[in-house]
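Inspection log for the structure reproduced underneath, given as structure tokens.
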Amino acid sequence: MNPRTMRRGALALITTAAIGAGALGAVAASVPSATKSLRNGASELSYSPAKLQVKIPAGKSRIKVTLRYRNTGSTEHDIAISGRGVSKVSRTAQAGTGTAVSATLRAGTYAYFCTIPGHRAAGMKGTLRVVQGR
């Protein structure tokens, strides 16, 4: 193969790779998103609300969910999302500050909770339902 043919082949390969990468970026960017806000509930060791639901838009199979937590309590807390192969934890939020955790989820039920030892067992937990839109 002559050098000119090799350059054309390499250019075609690079162009194809770039187009493929652009298409992958478009797929990743097409994942819809939803944000839900939480704060401390009636007690320091609870979230309000304790039940959340998000809907995946029709024609999509997943959604990026962000849980934003505002720590109105007097001790540190965080927030985790777990279930169906997902396990994500936010950074710790000191009293009076906030934090967030995000995960790309499919339809199903997930738990959210504080990972500080003893907090989940004391009631700092909730349920997140992700439902498929119609």
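The values are calculated or read from the model by the stated rules, or taken from the named source; none is laboratory data. Fair warning: this is a prediction, and the values are worked out from it, not measured in the lab. All Cβ positions, even for glycine, are placed from backbone atoms using ideal geometry, and neighbour counts span all protein chains on display.
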Scanning for something modelled with pLDDT of 95 or more, of a type in the set (A, V, I, L, M, F, W, C) and within 30 Å of Ala58 (Cα to Cα), does segment 114-121 turn up at least one residue?
no
Hey, could you check segment 60-74 for residues that are free of Cβ contacts under 8 Å to residues at least 40 places away in the same chain and not in a strand (DSSP E or B) and say which is surrounded by the most Cβ atoms within 10 Å (Cβ to Cβ)?
Asn71
Flagged in segment 80-112 as in contact (Cβ under 8 Å) with a residue 60 or more places away in the chain and in contact with a Gly (Cβ under 7 Å, 6 or more places away or on another chain), in numbering order, are Tyr112
Just one of Thr75, Thr66 is modelled with pLDDT of 95 or more and under 15 Å from Ala122 (Cα atoms); which is it?
Thr75
Count, please, the residues in segment 22-37 that happen to be of a type in the set (Gly, Ala, Ser) and either at pLDDT 90 or above or touching an Asp or Glu at 6+ places or on another chain (Cβ under 9 Å) (or both).
3
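Got a sec? Which of Ser74, Ser46 is more than 25 Å from Val131 (Cα to Cα), over 11 Å from the mean Cα position of the chain (by Cα) and either not aliphatic (A, V, I, L, M) or not assigned by TED's automatic domain parsing to the domain that holds Ala122 (or both)?
Ser74
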Quick check on my filter: what residues within segment 37-52 are touching a residue at least 40 places away in the same chain (Cβ under 8 Å), over 15 Å from His119 (Cβ atoms) and surrounded by 13 or more Cβ atoms within 10 Å (Cβ to Cβ)?
Pro49, Leu52
